[in-house]
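The values are calculated or read from the model by the stated rules, or taken from the named source; none is laboratory data. Quantities reported herein were computed from a predicted structural model and do not represent experimental measurements. Heads up, the Cβs are rebuilt from the backbone with ideal geometry, glycines too, and the neighbour counts pull from every protein chain shown. Note: areas computed on protein heavy atoms with side chains; ligands, DNA, RNA excluded. Shrake-Rupley method; radii C 1.70, N 1.55, O 1.52, S 1.80 Å.
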Amino acid sequence: MNNHYKHIIWDWNGTLFNDVELCLDVLNGLLLRNELNPITITKYREIFTFPVKDYYAKAGLDLEKYSFEILGKEWMDEYQNRRLEARLFHNAEKYLQKIFSSGVEQSILSAYKQDTLLELVNHFQLSKYFTYLNGLDHIYATSKVDLGKELMEKLNHEKGEVLLVGDTVHDFEVAREIGADCVLIASGHQSKSKLVECKVKVYENLDEMMNNFKFTNQSISII
Ligand SMILES: [Mg+2]
């Protein structure tokens, strides 16, 4: 990719916001309450997917027996209560600041509910770095494609000028659907072995990604 990016679209959960262990802990609580065995972080990263309904099943929850809507609500209620236990990834704010200062614009495209996204971004005092903050209007973490398409229309950039940074195969699929390039980070919700199947650059963490970003003339290219 020799493109020069003028806009970075960030995923939030698992990319900027490190809620991986919290999500695992909440899921394991749900499994234990339903008399199922808890899972490890390695297994979690292997089974995590969108729609989240599919990984509930892979974690062992029988969705014929348990209502996904009830389990999903139970998961989200506990997650919501505990969300501030999670922190930003190492150096996340420093890198948002660096990209912002370079003149490259940034937005967030999240499967999070919009009001929760805004609250958290404000909690970490990050809103100043973003042009648009886009979340979903319900709690069930479905697809970001439609939201992404709306965002791309607003950005109105040429092909090859928008880069999406995410931590899941779904982020890659969204990028492809909306016409953005994509890089992935393997310190979030999915394992590196899954992410490399997307055939885009996969970095261990934000630090490695930033080391591969070259800043020139209010744009970013990838070394
Ligand atoms: Mg994510």
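With respect to being surrounded by 14 or more Cβ atoms within 10 Å (Cβ to Cβ), among the polar types (S, T, N, Q) and under 20 Å from Val52 (Cα atoms), Asn205 falls outside the description. If I go through region 1-30 residue by residue, how many of them are touching a Leu at 6+ places or on another chain (Cβ under 7 Å) and either without any contact (Cβ under 8 Å) to a residue 60 or more places away in the chain or within 16 Å of the ligand (Cβ to nearest atom) (or both)? The number of residues fulfilling the criteria is 9. Scan region 179-194 and give yes if some residue there is open to solvent by 20 Å² or more (accessible area, probe 1.4 Å), within 14 Å of the chain's Cα centre (by Cα) and within 16 Å of the ligand (Cβ to nearest atom), otherwise no. The answer is yes, given that some residue of region 179-194 is open to solvent by 20 Å² or more (accessible area, probe 1.4 Å), within 14 Å of the chain's Cα centre (by Cα) and within 16 Å of the ligand (Cβ to nearest atom). Quick check on region 148-175: of everything there that is within 16 Å of the ligand (Cβ to nearest atom) and open to solvent by 30 Å² or more (accessible area, probe 1.4 Å), which residue is nearest to Lys98 (Cα to Cα)? Per the criteria, the residue is Phe172.
Residues that are of a type in the set (Ser, Thr, Tyr) and in contact (Cβ under 8 Å) with a residue 24 or more places away in the chain were ranked within region 57-80; the one that is nearest to Leu117 (Cα to Cα) is Tyr79.
Pick from region 101-119 the residues that are among the aliphatic types (A, V, I, L, M) and either touching a Lys or Arg at 6+ places or on another chain (Cβ under 7 Å) or open to solvent by 30 Å² or more (accessible area, probe 1.4 Å) (or both): which of them is farthest from the ligand (Cβ to nearest atom)?
Initial filter on region 101-119 (among the aliphatic types (A, V, I, L, M)): 104, 108-109, 111, 117-118.
From what's left, either touching a Lys or Arg at 6+ places or on another chain (Cβ under 7 Å) or open to solvent by 30 Å² or more (accessible area, probe 1.4 Å) (or both): 104, 109, 111, 118.
Values: Val104: 21, Leu109: 10, Ala111: 7, Leu118: 17 Å.
Ranking the qualifying residues of region 101-119, first place goes to Val104.
When you check His123 against the structure, is it more than 16 Å from the ligand (Cβ to nearest atom), open to solvent by 40 Å² or more (accessible area, probe 1.4 Å) and closer than 22 Å to Leu24 by Cβ, yes or no? For His123, the condition - more than 16 Å from the ligand (Cβ to nearest atom), open to solvent by 40 Å² or more (accessible area, probe 1.4 Å) and closer than 22 Å to Leu24 by Cβ - is met.
In the set (1) out of contact with any Asp or Glu (no Cβ under 7 Å at 6 or more places or on another chain); (2) more than 15 Å from the ligand (Cβ to nearest atom); (3) of a type outside the set (Lys, Arg), the condition left unmet by Met209 is number (2). Would you mind stating whether Gln97 is within 19 Å of Leu133 (Cβ to Cβ) and either β-branched (Val, Ile, Thr) or modelled with pLDDT under 95 (or both)? In short, no.
Candidates Leu32, Leu63, Leu84, Leu36: the one that is under 18 Å from the mean Cα position of the chain (by Cα) and among the aliphatic types (A, V, I, L, M) is Leu84.
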